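Below is one structure, written out as structure tokens, with a few remarks after it.
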Amino acid sequence: MDLAGIIAVQIGYTVASLALISAGLAVIFGMMRVINLAHGEFLMLGAYAVVVSTKAGINFWVSMLVIAPLFVGIVGVIVERFIVRFLYGRMMDTLIATWGLSLLFIGIITTIFGNATESVVSPLGSFEIGEFAESQYRLFIIFIGVLVIGVIFAVLRYSRAGLIARGTMQNADMAAALGISPQRVYTITFGVGAALTGLAGAALAPVTGLLPTMGAAFIAKAFITVIGGGEAIVTGTSTASALFGTVNQVTTFLSTPVMGDVALLIAAVILLRLLPQGITGRFFRRWL
Amino acid sequence: MALRIGIDAQGLSVGRLTPALTGPLALVVAVALVIGILPLVVSDIFILLQLTLFMAYGILAMSLGWVWGYGGIFSFGQAAFYGLGGYTYAVVSINMGGSTAALFAGVAVPALFALFLGYFMFYGRISTVYVAVITLVVSLIFYKFLGHTAGYEYTIGTAHLGGFNGMPALPPINTPGDPMRMIWPEDMFLITGICLLLVYVGLRLLMWSSFGRAVAAVRENEIRAELLGYDTRLYKMATFGVGGAVAGLAGVLYANWNSYVSPTVFDLGFSAQIIIWVVVGGLGTLVGPLVGAMILGFVTIELGTQQTVDVNLILGVILVLFVLAVPEGVTAQVRNLYARLVERVPGQGGA
């Protein structure tokens, strides 16, 4: 029973962290169809923002929840303004340019911090289920994962800004005719996606080793989650995270973490073969 | 995309010695001469070794030039076939002692795997972008899995896969019929050079064949090609398979050059480098990727010798600038410049 409880927490944690790292990408790729291969580096920048600001004496929670998203969001806006803007509609070129960008970010961070592991100490203790101990921080990740997905849904579904964003993605010309600047909507959407990614990177900073190249570990997972989810970004990302996270954690439990990752990737390849449009291409089609 | 004009016009002029044919022919002769003479002139083994590596990279770049530039299939996982070729060569050569069989296996296994993956993707009608992501994921699976094989249960025959430590001390290719003859670096340089020429000529001929033109048709307009009666899925699968074989050959040559393979051949950064070579050299041409691989291989190594700036930083800047400013790549620029110069010369214009 205790074992079942602890496994449930671990599965929830894996699912939530998948959803977290994919949320920003779901906004950028799912809404704007921009393949941002620098996504992993946005995560990395978020994590480093936490390191720098906690070292400067700022409270951990403030640096994670405020400074990191703000910083990466600004980076996102700059990237959209100076690079991505010129490449809308040229999917492959965007893909290559953002890959260049990711190398650039890795290069800059390596030059500043060196190729060494940094770390942030998790501020929370542990709790016990029967004879097993588990870190409270994992519960926090589950909480924040659910929160992020919930907020994205609420904003898109109920707020005026969300309505404008969805409308612009559906038909930019019509939105422009109604007096909205699509350019601005794109910039803001990209910035919001980047900020969410920064938040995810910051939230995961205490549980992963921080390296300039850490982004590569996340990028493939994030992409297959978003693509496996399909058209409807909120439903798609959450169902795909649930599916892949469970596959990953169960395999990890039965064998090793590396095999868990391999199982996740194989599951994704098979899913895409069966459902080329992703989960929401077949199920929950009218959902958001 | 506008990048791809120019190939088909060449294909139409087979048979006569038109500029379209003289260009590649002159190139082959020139490169053959350079490869033949260089080992006699250059006494510095280090330079020859360096060039051998760049030529292996060049073959790899051409495989992506074929699959992506000519076939229109964006493969993020060319490194997967390259690495698979290297690993197959390693396993077979360790089991059989150095032999040419390992070379053939190192080409055949990635080719078959590419056909299998191609069947999976193209018969599933997965769209271009998702093909990119699946190929990326596949090379990642290899990377993770082979990094995980340090335990002794991961042994094929007498070959131990070795996890992140890789497989050292691979026996080199040897002469068929005379296995005791040593292969010197000069020989390796020649072998790699000959492979490079063969791959170039082979792919060029393939582009000019009716198969090659059908591949171009599928790239330009898949629906139209299908309505004309071509099974586009089959053509794409075959294109992908050829690309896999060529990349596998590059991997075999690399494993020979290094006498060592490790999971880093499946690294995402390496996959990205191949794409950079093609983009910088010129998408849609065959020489372009080759030139790109040579230039950037050289630049990367030169940059590696200095400590002030990180290599990734510079590669990243190069890539972003090229996509924004020179999307056609170096070779198209040179060709345009040449065309403009020729037009200026009186009497030769308008030919």
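Tabulated data
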read-out: Options B:Leu196, B:Leu115, B:Leu140: the member that is buried (at least 16 other Cβ atoms within 10 Å of the Cβ), more than 22 Å from B:Val91 (Cα to Cα), under 21 Å from the mean Cα position of the chain (by Cα) and of a type in the set (A, V, I, L, M); value: B:Leu196
read-out: Which listed residue, of B:Val299, B:Val317, B:Val280, is open to solvent by less than 40 Å² (accessible area, probe 1.4 Å), hydrophobic (A, V, I, L, M, F, W, C) and either in a helix (DSSP H, G or I) or in contact with a Cys (Cβ under 7 Å, 6 or more places away or on another chain) (or both); value: B:Val280
read-out: Which listed residue is open to solvent by less than 10 Å² (accessible area, probe 1.4 Å) and either charged (D, E, K, R) or in contact (Cβ under 8 Å) with a residue 24 or more places away in the chain (or both), from A:Met91, A:Met32, A:Met44; value: A:Met44
read-out: Elements of type helices (runs of 4 or more DSSP H) contained in segment B:165-269, each with 2 or more residues being touching a Ser or Thr at 6+ places or on another chain (Cβ under 6 Å) and more than 17 Å from B:Val107 (Cα to Cα); value: B:185-208, B:210-220, B:222-227
read-out: Subset of segment B:118-131 that is surrounded by 23 or more Cβ atoms within 10 Å (Cβ to Cβ) and of a type outside the set (Val, Ile, Thr) - its residue that is farthest from B:Gly85 (Cα to Cα); value: B:Met121
read-out: Residue within segment A:111-119 that is within 14 Å of chain B (Cβ to nearest Cβ), under 23 Å from the mean Cα position of the chain (by Cα) and in a helix (DSSP H, G or I) present; value: no
read-out: Hits in segment A:238-288 (condition: part of a loop (DSSP other than H, G, I, E, B), more than 11 Å from every other protein chain (Cβ to nearest Cβ) and more than 20 Å from the chain's Cα centre (by Cα)); value: A:Phe283, A:Phe284, A:Arg285, A:Arg286, A:Trp287
read-out: In segment A:70-82, the residues that are within 16 Å of the chain's Cα centre (by Cα), over 14 Å from A:Glu41 (Cβ atoms) and open to solvent by 20 Å² or more (accessible area, probe 1.4 Å); value: A:Leu70
read-out: Helices (runs of 4 or more DSSP H) enclosed by segment B:15-111 - at least 3 residues per element that are open to solvent by less than 10 Å² (accessible area, probe 1.4 Å) and among the aromatic types (Phe, Trp, Tyr); value: B:78-96
read-out: Residue ranges of helices (runs of 4 or more DSSP H) in segment A:152-212 with at least 3 members among the hydroxyl-bearing types (Ser, Thr, Tyr); value: A:182-204
read-out: Some residue of segment A:48-68 being within 18 Å of B:Val129 (Cβ to Cβ) and part of a helix (DSSP H, G or I); value: no
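Residues are listed down the side, and each one gets a yes or a no for (1) more than 13 Å from chain A (Cβ to nearest Cβ); (2) in contact with a Phe, Trp or Tyr (Cβ under 6 Å, 6 or more places away or on another chain):
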site: B:Ala293; (1), (2): yes, yes
site: B:Gly297; (1), (2): yes, yes
site: B:Gln306; (1), (2): no, no
site: B:Leu313; (1), (2): no, no
site: B:Gly316; (1), (2): no, no
site: B:Leu319; (1), (2): no, no
site: B:Phe322; (1), (2): no, no
site: B:Pro327; (1), (2): no, no
site: B:Ala332; (1), (2): yes, no
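The values are calculated or read from the model by the stated rules, or taken from the named source; none is laboratory data. Remember, predicted model here, so these are calculated numbers, not experimental data. We place every Cβ from the backbone using ideal geometry, glycine too, and count neighbours over all the protein chains shown. To get the accessible areas, we keep the full protein, side chains included, count just its heavy atoms, and leave off ligands, DNA and RNA. Shrake-Rupley method; radii C 1.70, N 1.55, O 1.52, S 1.80 Å.
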